[in-house]
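Working notes for the structure below.
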Amino acid sequence: MKDQNIINLKDIVVEFDGERVLNGLNLFIRDKEFVTLLGPSGCGKTTTLRIIAGFVEPQSGDVLFDSKKINGVPPYKRPVNTIFQRYALFPHLNVYENIAFGLRINKTPEKEIKERVSEMLKLVNLEGFEKRSVSKLSGGQQQRVAIARAVINKPKVLLLDEPLAALDLKLRQSMQLELKKIQQSLGITFVYVTHDQEEALSMSDIIVVMNNGEIQQIGTPTDIYNEPKNAFVADFIGESNIIDGVMNKDFYVTFAGVGFDCVDKGFEENQPVDVVVRPEDIKVVSPDEGQLVATVESCIFKGVHYEMIMDQEGYKWMVHSTKAENVGDQVGIKILPDDIHIMNKSKVEIYSDDAGEGENN
Amino acid sequence: MRKRVATPYMIWMLIFIIVPLVMVVYFAFTSSSGGFTFDNIIKVKEYTGQFLQSFKIGAISTVICLILGYPMAAIISRSREHVQRTLVMLCMIPMWMNFLLRTYSWMTLLENNGIINNILEYFHLPRLQMINTEGAIILGMVYNFLPFMIMPIYSVMAKIDYRLIEAAQDLGCNSFAVVRRVILPLSVPGVISGITMVFVPSASTFIISKLLGGGDMMIGDIIEAQIQGGANNLNLGAAISLVLMVVVLITMAIMNIFGDTESEVSLI
Ligand SMILES: Nc1ncnc2c1ncn2[C@@H]1O[C@H](COP(=O)(O)OP(=O)(O)OP(=O)(O)O)[C@@H](O)[C@H]1O
Ligand SMILES: [Mg+2]
């Protein structure tokens with residue numbers, strides 16, 4: 001199995017000025033995979049990338065590359081390349097020379113440089129821009145130069161730090177497709193940082209959800225979306241209704257004052273849990289057919305669907321539906337067992353445990 | 001609106017730049033009796049030797065300033081913020097003292113009966129002839145003008161985006177390659193303005209060469225002699241100044257073109 005994991009981070013701890021930024025991070029990345037680090041601002045995504053690139057040394061923990069420990073190896077000796085958040089193109093060099101930079105350092109013959117640069121320019125759709133100064137390019141074009149400049153070195157791993165954050169929605173979506181195409185056609189491992197969950201869901205093979213310097217969940221986009229491990233993941237990965245519930249017994253949960261059949265088991269009897277229901281999983285029916293009865297409070301058109309808030313005895317349910325309801329109407333709410341996600345109460349309690357003394361495992 | 005704001009500056013420029021320039025040109029092309037003449041300009045040829053000497057000394061001082069100033073600027077721009085402020089301050093402090101005083105103090109150090117020679121004598125070492133040599137002039141110039149080299153290079157270097165350096169490392173540059181391929185080319189504008197700011201005053205100075213060099217080595221000394229010294233030929237002084245100004249302007253223009261193509265050449 002050792003050939004499978006190209007990068008392995010083991011118990012990585014990073015502190016800046018005594019503040020813990022990464023707290024015992026464990027992560028392996030398989031060859032040729034598209035892995036996305038997803039999480040809110042300040043959770044340590046960039047720091048994780050910089051550890052792999054060699055710009056940050058962890059206080060403790062090992063960084064393995066192809067099963068070899070690379071702690072202390074300087075960035076210029078690591079077979080990874082980075083696409084920086086704001087591109088960091090060289091302003092004194094034109095497009096051609098920016099892309100050729102890495103090859104020149106490696107003393108590649110001029111003829112080969114020429115071939116590979118023009119190959120790259122074709123790949124990123126910038127033929128004819130060779131002589132252009134990089135400062136005179138649009139954001140999208142600069143982005144593509146940055147991609148070409150990194151990819152031309154045939155790195156085993158490409159690190160991308162929110163590469164599309166500065167682009168407008170349209171451009172971002174088309175660049176997402178292009179990046180994915182490049183990754184598949186060149187067979188490079190991508191480690192991609194974003195805080196945009198849609199981007200993560202649509203591009204990744206594996207998503208790593210992070211918060212407060214800790215990994216919350218690792219899984220495929222469908223896993224993460226459908227089976228979020230805790231309320232943080234559920235909330236971060238998409239808008240959700242998260243409410244308190246009690247797991248009365250296997251396959252049966254009570255929330256919002258009503259008992260529901262569900263598909264989860266293995267909890268203690270009457271254990272308090274978080275119940276997550278996606279807005280699009282809520283079926284709006286007539287009041288007498290519904291498991292819950294609610295009043296429509298608001299209804300906003302969101303382009304693809306309507307977003308409605310429904311009040312049910314003080315519980316506010318967010319509902320997405322392609323059919324609008326009249327504000328003030330009474331409606332029924334139906335939730336199928338499959339669409340009810342039961343989660344252990346989220347991490348907050350674990351932190352308070354840590355603060356207390358004695359317990360150690 | 002914009003025009004009105006600019007007015008005081010225009011007046012200032014008129015009084016202190018345009019008028020003196022016009023006067024220099026006027027004196028250069030008139031004889032002592034006031035008639036138009038080319039004689040003064042033609043006579044400037046006699047001082048070709050001093051011109052060359054001035055440019056040579058100016059160039060040597062500039063090169064020494066560059067060799068000393070560039071690494072200094074690099075070190076300052078790479079240190080922590082409060083260290084940076086302290087170092088910049090240290091560079092500036094000597095400039096708070098009057099330029100003449102600074103040069104006089106070098107004089108007392110270098111004189112035949114000066115402090116250094118006295119110390120040498122105390123240790124029974126032979127005395128050195130230091131004052132009134134080319135070396136003394138160059139020393140004085142480097143001492144006085146070094147901050148003018150450091151500051152522009154420092155300010156350009158401090159603005160270099162740190163991520164560019166990381167990007168270069170990421171693409172395979174060791175520290176040496178980072179300097180050669182990123183820092184050096186990006187600091188060219190600072191180097192050019194540093195060279196200008198050192199070369200122009202050092203090629204045309206007269207105080208330093210008079211006090212440390214004895215007085216007739218450089219073109220600035222000649223001009224001074226014409227205007228307030230013994231020679232007392234205002235018209236010739238103006239003519240030499242005019243030629244000096246034109247020659248310096250041409251040199252700088254060539255420098256700038258060279259600087260531009262330099263950065264462009266590295267593109268190709
Ligand atoms: N060089 C540094 N010195 C001190 N603190 C740092 C340094 N780099 C990062 N930090 C801190 O580490 C934490 C994590 O930073 P990091 O850049 O990894 O976050 P991020 O997940 O990339 O966030 P964002 O989405 O905003 O880019 C932040 O609290 C940040 O302030
Ligand atoms: Mg970041």
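The values are calculated or read from the model by the stated rules, or taken from the named source; none is laboratory data. Quantities reported herein were computed from a predicted structural model and do not represent experimental measurements. Cβ placement follows ideal geometry from the backbone for every residue including glycine, while neighbour counts extend to all protein chains displayed. Accessible surface is based on the protein model in full, side chains and every heavy atom, while ligands, DNA and RNA are left aside. Shrake-Rupley method; radii C 1.70, N 1.55, O 1.52, S 1.80 Å.
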Report task. Inspect all residues belonging to the range B:41-53 and state whether any of them is of a type in the set (S, T, N, Q) and in contact with a Phe, Trp or Tyr (Cβ under 9 Å, 6 or more places away or on another chain). Result -> no
Query raised in the report: Which residue out of B:ILE219, B:ILE227 is buried (at least 23 other Cβ atoms within 10 Å of the Cβ) and out of contact with any His (no Cβ under 8 Å at 6 or more places or on another chain)?
Result: B:ILE219
Query raised in the report: Are there any pairs, at least 6 apart or on different chains, whose C-beta atoms fall under 8 Å, with the first in the range B:208-219 and on the phi > 0 side of the Ramachandran plot and in contact (Cβ under 8 Å) with a residue 40 or more places away in the chain and the second open to solvent by 40 Å² or more (accessible area, probe 1.4 Å) and not in a helix (DSSP H, G or I), and if so, which?
Result: B:GLY214/B:ASN132
Requested in this report: For the range A:72-104, enumerate the residues that are over 15 Å from A:LEU121 (Cβ atoms), more than 7 Å from chain B (Cβ to nearest Cβ) and among the aliphatic types (A, V, I, L, M).
Outcome: A:VAL73, A:VAL80, A:ILE83
**Report entry** Condition broken by A:ALA166, with the remaining ones in (1) assigned to a strand (DSSP E or B); (2) open to solvent by 50 Å² or more (accessible area, probe 1.4 Å) satisfied
**Finding:** (1)
Report summary line: Expected single match for in contact with a helix residue (DSSP H, G or I) (Cβ under 9 Å, 6 or more places away or on another chain), under 19 Å from B:LEU146 (Cα atoms) and open to solvent by less than 40 Å² (accessible area, probe 1.4 Å) among B:ALA73, B:ALA28 is B:ALA73
Query - Per-region count, the range A:167-199, residues within 16 Å of ligand 2 (Cβ to nearest atom) and either within 14 Å of another protein chain (Cβ to nearest Cβ) or among the charged types (D, E, K, R) (or both) - result: 3
Query raised in the report: Would a scan of the range A:60-79 turn up a residue that is more than 18 Å from A:THR194 (Cβ to Cβ), touching a helix residue (DSSP H, G or I) at 6+ places or on another chain (Cβ under 6 Å) and more than 16 Å from ligand 1 (Cβ to nearest atom)?
Result: yes
**Report entry** A:GLY102 being within 16 Å of ligand 1 (Cβ to nearest atom) and surrounded by 13 or more Cβ atoms within 10 Å (Cβ to Cβ)
**Finding:** no
Report task. Hey, can you tell me all the residues within the range A:75-87 that are within 16 Å of ligand 2 (Cβ to nearest atom) and either of a type in the set (D, E, K, R) or assigned to a loop (DSSP other than H, G, I, E, B) (or both)? Result -> A:PHE84, A:GLN85, A:ARG86, A:TYR87
Query raised in the report: Regarding A:VAL209, is this residue over 16 Å from A:PRO337 (Cα atoms) and open to solvent by less than 20 Å² (accessible area, probe 1.4 Å)?
Result: yes
Query raised in the report: Given (1) in contact with a Lys or Arg (Cβ under 7 Å, 6 or more places away or on another chain); (2) more than 13 Å from chain B (Cβ to nearest Cβ); (3) closer than 27 Å to A:LYS10 by Cβ, where does A:VAL124 come up short, assuming only one miss?
Result: (3)
Query raised in the report: Of everything in the range A:20-44 that's within 16 Å of ligand 2 (Cβ to nearest atom) and surrounded by fewer than 15 Cβ atoms within 10 Å (Cβ to Cβ), which residue is farthest from the other protein chains (Cβ to nearest Cβ)?
Result: A:PRO40
Requested in this report: Test B:ALA203 against the stated conditions and say whether it is of a type in the set (A, V, I, L, M, F, W, C), assigned to a helix (DSSP H, G or I), within 17 Å of the chain's Cα centre (by Cα) and loosely packed, with under 15 Cβ neighbours inside 10 Å.
Outcome: no
Query raised in the report: Identify, please: which residue in the range A:51-61 is open to solvent by less than 50 Å² (accessible area, probe 1.4 Å) and not in a helix (DSSP H, G or I) and is, among those, nearest to the other protein chains (Cβ to nearest Cβ)?
Result: A:PHE55
Query raised in the report: Which one of B:GLY214, B:GLY172 is assigned by TED's automatic domain parsing to the domain that holds B:LEU66 and either modelled with pLDDT under 90 or closer than 26 Å to B:PHE55 by Cβ (or both)?
Result: B:GLY214
Requested in this report: Give the residues of the range A:46-57 that are more than 10 Å from ligand 1 (Cβ to nearest atom) and touching a residue at least 60 places away in the same chain (Cβ under 8 Å), sorted by residue number.
Outcome: A:ILE52, A:ALA53
Query raised in the report: Only one of A:GLU325, A:GLU297, A:GLU307 is part of a strand (DSSP E or B) and over 18 Å from A:ILE242 (Cα atoms); which?
Result: A:GLU297
**Report entry** the range A:16-45: number of residues that are touching a residue at least 60 places away in the same chain (Cβ under 8 Å), part of a strand (DSSP E or B) and more than 10 Å from ligand 1 (Cβ to nearest atom)
**Finding:** 10
Query raised in the report: Do you know which of the residues in the range B:222-249 that are within 21 Å of the chain's Cα centre (by Cα) and farther than 15 Å from B:VAL44 by Cβ is modelled with the highest pLDDT?
Result: B:LEU249
Report task. Give the range B:161-187 a look and list any residue that's buried (at least 17 other Cβ atoms within 10 Å of the Cβ) and among the aliphatic types (A, V, I, L, M), or say none. Result -> B:LEU164, B:ILE165, B:ALA167, B:ALA168, B:LEU171, B:VAL178, B:VAL182, B:ILE183, B:LEU186
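Residue by residue, here is whether (1) outside the structural domain of A:ASN211 (by TED's automatic domain parsing); (2) over 25 Å from A:ARG116 (Cβ atoms); (3) away from ligand 2 (no atom under 16 Å from the Cβ) holds:
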site	(1), (2), (3)
A:THR46	no, yes, no
A:ARG50	no, yes, no
A:VAL73	no, yes, yes
A:PHE90	no, no, yes
A:LEU93	no, no, yes
